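Accompanying notes for the structure given below.
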Number of protein chains: 2
Amino acid sequence: MTGPKYLTGDAAAISDFIDRFDVFLLDCDGVIWSGDHVFEGVPETLELLRSRGKKIVFVTNNSTKSREAYLKKLTSLGIPSNTEEIFGSAYSAAIYISRILKLPAPKNKVFVVGESGIEQELRTENVPFIGGTDPAFRREITPADFQGIADGSLLDPDVGVVLAGFDTHINYLKLSHAFHYLRRGAVFLVTNRDSTFPMNHNLFPGAGSISMPLVYMSGQEPLSLGKPSQAMLDAIEGKFQFDRARTCMVGDRLNTDIKFGIEGQLGGTLAVLTGVSKKEDWEAADAVAVPAFYADKLSDLRAAAAP
Amino acid sequence: MTGPKYLTGDAAAISDFIDRFDVFLLDCDGVIWSGDHVFEGVPETLELLRSRGKKIVFVTNNSTKSREAYLKKLTSLGIPSNTEEIFGSAYSAAIYISRILKLPAPKNKVFVVGESGIEQELRTENVPFIGGTDPAFRREITPADFQGIADGSLLDPDVGVVLAGFDTHINYLKLSHAFHYLRRGAVFLVTNRDSTFPMNHNLFPGAGSISMPLVYMSGQEPLSLGKPSQAMLDAIEGKFQFDRARTCMVGDRLNTDIKFGIEGQLGGTLAVLTGVSKKEDWEAADAVAVPAFYADKLSDLRAAAAP
């Protein structure tokens with residue numbers, strides 16, 4: 001088996017690579033930026049791709065921000081965009097609930113374990129919800145809560161979905177509510193299953209970890225609306241029509257981004273070395289996924305030969 | 001294969017059963033009591049066993065109470081006892097850390113995810129700890145926490161163990177600290193892996209669920225100091241010398257109590273039907289464990305023929 005094609009410094013190979021695709025799905029953290037720091041040359045690289053008529057879609061598992069919030073961040077980093085180009089796992093989940101799951105009202109209410117990004121996207125799709133950032137759920141559990149959850153008097157009979165995402169305000173009260181909704185038959189969704197979340201150049205508990213108590217307690221596997229779950233690609237495709245064979249996934253993580261592109265049978269995958277995964281990861285015998293192309297950094301594509 | 005021997009109403013069989021054993025290990029919730037309600041006839045049954053010279057040990061996975069707190073509860077329910085007869089998973093963990101793990105001071109400090117029962121037992125064994133019920137950890141995570149955990153300045157270099165148990169005050173801050181201690185090589189212990197915790201005649205998130213984010217994030221399997229882990233039986237045996245062949249485990253749960261007794265090669269196991277597991281559970285083809293004896297309730301043993 002041949003390894004991935006290395007693009008950095010090879011103008012002809014880069015041009016050939018760019019010419020193969022009409023659409024680039026781009027992961028954000030570790031590709032475009034790290035935290036609040038945009039990688040040097042990335043805005044110009046995206047400009048180059050656009051100037052060659054390529055469609056760009058930002059695809060991120062981070063559910064803490066809505067598309068509006070991502071748009072603000074991209075703009076502040078010198079990357080002109082619009083919400084139509086942005087696809088986060090919170091939006092992916094909202095679309096899945098409203099357009100694919102389509103539970104009949106009023107039994108379509110969502111109990112949210114997560115932050116405001118999820119709430120904003122659910123509002124965009126007119127999906128009713130409880131939980132989330134509501135201060136009524138950001139507190140310690142009381143004997144009255146135990147009683148009311150146990151006898152059902154504190155549970156909302158209209159909840160038909162539990163949606164869990166990244167939540168730095170996770171607590172026992174929310175887990176207890178979510179667990180009892182799952183026991184009553186609610187559909188179990190998670191924005192993504194990332195075990196960790198990058199912060200301050202280190203790792204912290206991710207959405208996948210936050211939802212593990214519910215997985216373990218309920219004995220149910222949730223449907224994930226983030227990479228590498230193909231439900232996310234289905235949701236993207238439901239919104240943008242594109243030719244998978246002419247589409248390339250660009251990312252820094254083999255187990256989410258590259259796996260997502262390969263399982264989605266996209267025309268190509270490009271790994272960049274500015275984030276989590278390293279060359280050794282795909283050279284390992286038990287590599288979770290091997291990209292078709294790789295480059296040291298996204299901005300290396302600027303060395304493309306003139307068209 | 002023959003099923004378990006049914007004792008209820010069979011005076012001769014009960015006497016024979018009692019005569020086979022010198023020691024009875026008794027689960028509490030679902031056997032002795034349900035919540036704060038002691039089952040009718042149980043105090044008298046325990047008195048009968050004692051009058052026949054049997055040793056009784058209360059063995060519980062619940063880590064929220066120390067042995068002192070269990071003693072108070074037993075006394076209030078009309079069951080005379082003493083702390084030497086009580087063995088909870090918090091005590092089991094404290095003994096394991098102090099007498100088996102024996103990390104050299106000062107690198108033997110424990111980061112506790114759990115409640116006061118664990119803290120009290122660690123104090124009994126003179127094991128230093130941080131976390132637990134300390135209000136400094138019962139709050140929301142701040143940007144300064146992210147920074148200090150990421151760069152290590154807020155981490156205690158002496159922490160050599162992470163011990164997770166039942167904790168209704170679980171939060172993102174504690175999970176983040178615990179995760180970073182595990183990444184730095186701390187030994188990973190849990191009081192038990194019960195997915196649920198019985199409260200108000202219903203089920204709530206248990207210690208096993210609370211610790212799942214750490215399991216998933218760290219990729220490490222913790223050592224459990226609760227049933228059915230044999231580490232708990234080893235800890236009991238380290239304290240009380242007893243003949244396993246002359247010891248019977250009594251419990252209501254196949255997957256903890258009965259499995260614990262069978263894997264520990266005890267002389268017998270007795271299932272009672274006053275808790276979680278039912279007759280159908282061990283009659284199922286995929287039963288997790290099959291008891292040697294069963295009775296409708298513990299107090300049925302009072303029908304023993306006179307010795």
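The values are calculated or read from the model by the stated rules, or taken from the named source; none is laboratory data. Quick caveat, the model's predicted, so the values are computed rather than measured. Heads up, the Cβs are rebuilt from the backbone with ideal geometry, glycines too, and the neighbour counts pull from every protein chain shown. For accessibility, only protein heavy atoms count, side chains too; no ligands or nucleic acids. Shrake-Rupley method; radii C 1.70, N 1.55, O 1.52, S 1.80 Å.
Checked against the criteria, residue B:111 does not count as among the aromatic types (Phe, Trp, Tyr) and within 14 Å of another protein chain (Cβ to nearest Cβ).
A quick yes/no check of all residues on (1) in contact with a strand residue (DSSP E or B) (Cβ under 8 Å, 6 or more places away or on another chain); (2) closer than 21 Å to residue A:143 by Cα; (3) open to solvent by less than 10 Å² (accessible area, probe 1.4 Å):
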{"site": "A:168", "(1), (2), (3)": "no, no, no"}
{"site": "A:174", "(1), (2), (3)": "yes, yes, yes"}
{"site": "A:187", "(1), (2), (3)": "yes, no, no"}
{"site": "A:191", "(1), (2), (3)": "yes, no, yes"}
{"site": "A:197", "(1), (2), (3)": "yes, no, no"}
{"site": "A:226", "(1), (2), (3)": "yes, no, yes"}
{"site": "A:239", "(1), (2), (3)": "yes, no, no"}
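Annotation: of all residues in segment A:94-103 being in a helix (DSSP H, G or I) and not aliphatic (A, V, I, L, M), the one that is most open to solvent (accessible area, probe 1.4 Å) is A:99. None of B:256, B:247 is open to solvent by less than 40 Å² (accessible area, probe 1.4 Å), out of contact with any Lys or Arg (no Cβ under 7 Å at 6 or more places or on another chain) and not aromatic (Phe, Trp, Tyr) except B:247. The helices (runs of 4 or more DSSP H) found wholly in segment A:189-285 and carrying at least 1 residues that are within 14 Å of chain B (Cβ to nearest Cβ) occupy A:207-210, A:212-218. For segment A:138-145, the count of residues that are within 10 Å of chain B (Cβ to nearest Cβ), under 30 Å from residue A:291 (Cβ atoms), of a type in the set (D, E, K, R) and out of contact with any Leu (no Cβ under 7 Å at 6 or more places or on another chain) is zero. Considered as a group, the residues in segment A:104-146 that are closer than 19 Å to residue B:171 by Cβ, surrounded by fewer than 17 Cβ atoms within 10 Å (Cβ to Cβ) and of a type in the set (D, E, K, R) include one that is farthest from the chain's Cα centre (by Cα), and that residue is A:140. Note on segment B:147-181: residues that are among the hydroxyl-bearing types (Ser, Thr, Tyr), more than 23 Å from the chain's Cα centre (by Cα) and at the interface with chain A (Cβ under 10 Å from one of its Cβ atoms) total 2. Of note, residue B:149 satisfies the criterion of being touching a His at 6+ places or on another chain (Cβ under 6 Å), open to solvent by less than 40 Å² (accessible area, probe 1.4 Å), touching a residue at least 12 places away in the same chain (Cβ under 8 Å) and part of a helix (DSSP H, G or I).
I'm trying to understand the selection: among the residues of segment A:62-93, which are open to solvent by less than 20 Å² (accessible area, probe 1.4 Å) and either under 21 Å from residue A:233 (Cβ atoms) or hydroxyl-bearing (Ser, Thr, Tyr) (or both)? Of everything in segment A:62-93, those that are open to solvent by less than 20 Å² (accessible area, probe 1.4 Å) and either under 21 Å from residue A:233 (Cβ atoms) or hydroxyl-bearing (Ser, Thr, Tyr) (or both) turn out to be A:63, A:66, A:70, A:86, A:87, A:88, A:89, A:90, A:91, A:92, A:93.
Listed conditions (1) at negative phi; (2) in contact (Cβ under 8 Å) with a residue 24 or more places away in the chain; (3) not assigned by TED's automatic domain parsing to the domain that holds residue A:21 are all met by residue A:262, apart from (3).
Of the helices (runs of 4 or more DSSP H) that lie entirely inside segment B:1-93, those containing 1 or more residues that are in the same structural domain as residue B:236 (by TED's automatic domain parsing) and not basic (Lys, Arg) span B:11-19, B:42-51. Against the criterion of being surrounded by 23 or more Cβ atoms within 10 Å (Cβ to Cβ), among the β-branched types (Val, Ile, Thr) and touching a residue at least 60 places away in the same chain (Cβ under 8 Å), residue B:59 qualifies.
Can you say whether residue A:262 is open to solvent by 60 Å² or more (accessible area, probe 1.4 Å), among the hydrophobic types (A, V, I, L, M, F, W, C) and touching a strand residue (DSSP E or B) at 6+ places or on another chain (Cβ under 7 Å), as far as the supplied structure shows? Answer is yes for this residue. Would you call residue B:116 within 14 Å of chain A (Cβ to nearest Cβ) and either in contact (Cβ under 8 Å) with a residue 12 or more places away in the chain or farther than 22 Å from residue B:59 by Cα (or both)? For residue B:116, the condition - within 14 Å of chain A (Cβ to nearest Cβ) and either in contact (Cβ under 8 Å) with a residue 12 or more places away in the chain or farther than 22 Å from residue B:59 by Cα (or both) - is not met.
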